[in-house]
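Enquirer: If you scroll down you'll find the structure; I have some questions about it.
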Amino acid sequence: MPPDLSREVRGVSLARFVHSGDWQLGMKRRFLGEDAQARFDEARFEAIRRIGRIAHEEGGEFVVVCGDVFESNAVDRRTVARALEALGGIRVPVYLLPGNHDPLDGGSVYHSRTFRNAAPPHVHVLEDAQPATVRPGLEIVGMPWTTRRPGRDLVAEACEALRPAHGVTRIGAAHGAVDVLSPDRDDPARIALADAEAALADGRLHFLALGDRHSNTRVGETSRIHYAGTPEPTDFSEIDPGCVLVVDVDPEQVAVRPHRIATWRFERRRRIPLTGASDLDALEASLAALPDKGRTVLRLDFEGTLDLRGSTRLESILEHARDLFACVDVWEAENDLAILPADADFDALGLSGFAARAVAHLREQAGGANDVGGAARDALALLVRLAAGAEPAR
């Protein structure tokens, strides 16, 4: 339920809006197959429709998307057309802010014929930092990227030109990394938190809605600076993706409520122990229990030692999982699983002569923890598979 906040405080009406960002429509993920990529694309368009329903149900006056609406200015015409069709179903004004992926430069997607001809009248691009009137008593100030490398703090620049708003609730919409969260200390486009908070303190702004960070994040201690994050996750590094924010704000009060709308998951499972049949049973059961497999991207790595029989079963488990999940990736950079053939793996091969001596030599080397030991283990595994008439595991 919406918070019990007065819709008017000291003559200034309370603004309620939906804050989103980083839709990145048209994003391609190299690890997704064709079918999974199509589902991934569709989920991002459906997220627009869910945002529209939230705005309607919550009584939001407008929706603001804080940058990177599109993955790039080179997205195909169909992506733009589908985006505008979905935006057309939102019943309130929608403000789109160009970000670093889709800057308002000479080749901007917002200047394309498809966008100009098909954009619904209630969809507005924030092309400059002039306050735009949403309705009497409510303004939005966009801070758009006009190049992929602006070389300056766009928030500080916009706020420097503003005067304190009297009788008006004013929302800032920006895109980029805040200095207290950015590891790049030399980036001149970083947003200075101190300057943004000064603009909030003296009434030039009453809320700063941010995009660029894909995780729902409150910045500073004012509760008036937030990243909404991406409405559908895009990678494993995102801490709290999949939200949109419903914001109530006026000069005296603020409330921010996240709505989780994501249908996709990026799940990372580290250091899964594999030493025998019981561990393989547990892995198989845990993968079977995961919901929404077709919208789940899994990254796994293992530790332990398996014989060739165990290795063959592991490959079978992973092959079945790849038929069901959007993606199953074994992260070799952190994988510490050794495949060490056991006596039973060689019993049925009937090797003799040179082949038997080669196997004995490789088995001696396979006990080492160095690169030679790893190469010997791989060679033994390949030898047994070939001798047994099996294809090498891919």
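None of the figures in this text is laboratory data; all of them are computed from the coordinates on show. All of these numbers come straight from a predicted model, not from anything done at the bench. Note: ideal-geometry Cβ built from the backbone for every residue, glycine included; neighbour counts use all protein chains shown.
Enquirer: Where the centroid of each part is defined by its Cα atoms, how far is region 183-248 from region 135-150 in Å?
Expert: Cα centroid of region 183-248 versus Cα centroid of region 135-150: 15 Å apart.
Enquirer: How big is the shadow of the Cα convex hull of region 284-354, averaged over all directions, in nm²? Please report the intermediate quantities before stating the final value.
Expert: Working: hull surface 25.4 nm².
Projected area, direction-averaged: 6.3 nm².
Enquirer: Output the Cα-based Rg and Dmax of region 39-133 in Å, rounding Rg to one decimal and Dmax to a whole number.
Expert: My reading of the Cα-based Rg and Dmax gives 12.9, 39 Å.
Enquirer: Between 0 and 90 degrees, rounded to the nearest ten: what's the tilt of helix 77-87 against the longest Cα principal axis of the chain?
Expert: 60
Enquirer: At R0 = 30 Å, how high is the FRET efficiency between K293 and R53 if r is their beta carbon distance? Nearest 0.05 is fine. Show your work: numbers first, answer last.
Expert: Numbers: r = 26 Å, r/R0 = 0.86.
Efficiency for this residue pair is about 0.70.
Enquirer: Can I ask one more? Tell me the angle of helix 308-324 to the major Cα principal axis of the chain, expressed in degrees between 0 and 90 and rounded to the nearest ten.
Expert: It is inclined by approximately 30 degrees.
Enquirer: Right, next: For n ≥ 4 DSSP H runs only, could you compute -39500 (n - 2.57) per run for the chain, divide by its residues and tell me the 222 nm figure to the nearest 500? Walk me through the numbers on the way to the answer.
Expert: Details: 10 runs with 123 residues, N = 394.
Dividing the helical sum by the residues of the chain leaves -10000 deg cm²/dmol.
Enquirer: With Rg/Rh (Cα atoms, Kirkwood Rh) defined as stated, name the option among [x] 1.13; [y] 0.97; [z] 1.09 computed from the structure displayed.
Expert: Step by step, Rg/Rh (Cα atoms, Kirkwood Rh) for this structure corresponds to label [x].
Enquirer: Also: I want to verify the translational diffusion coefficient of region 265-387 in µm²/s; compute it with Stokes-Einstein, Rh as the Kirkwood radius over Cα pairs, at 20 °C and 1.002 mPa s. Intermediate results must be reported in sequence, preceding the final value.
Expert: Details: Rh = 15.7 Å.
Once the numbers are plugged in, D ends up at 137 µm²/s.
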